[in-house]
1. Taking Lys22 as the residue in question, decide whether it is part of a helix (DSSP H, G or I) and at pLDDT below 80.
2. Among the residues of region 8-28, what is the count of those that are loosely packed, with under 10 Cβ neighbours inside 10 Å and either more than 30 Å from the chain's Cα centre (by Cα) or among the β-branched types (Val, Ile, Thr) (or both)?
Amino acid sequence: MDDEKLTTRLENFDFSSSHPVKETLLNQLLFMHRRDNAPQGLWSGKMTDEELDMAVAAGNPALEKKHEK
């Protein structure tokens with residue numbers, strides 16, 4: 001198919017009919033992205049050594065109060 005014919009077909013295509021399909025695909029892509037990146041979250045133990053050092057240095061105020069008693 002040549003460029004002019006393709007351009008004409010795209011200009012005449014009714015994209016409103018593909019909206020539900022596009023939304024379904026977007027939701028599926030978001031689900032896949034979240035699923036693939038979930039193990040890299042803060043609470044899953046995938047922190048770098050530097051991040052762990054910063055967290056330890058910051059401390060936990062609740063634990064500090066418990067140890068002071």
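1. For Lys22, the condition - part of a helix (DSSP H, G or I) and at pLDDT below 80 - is met.
2. Total satisfying the criteria: 5.
The values are calculated or read from the model by the stated rules, or taken from the named source; none is laboratory data. Given the structure is predicted, the values throughout are model-derived calculations rather than measurements. Cβ sites come from the backbone with ideal geometry, for glycine too, and all protein chains shown count toward neighbours.
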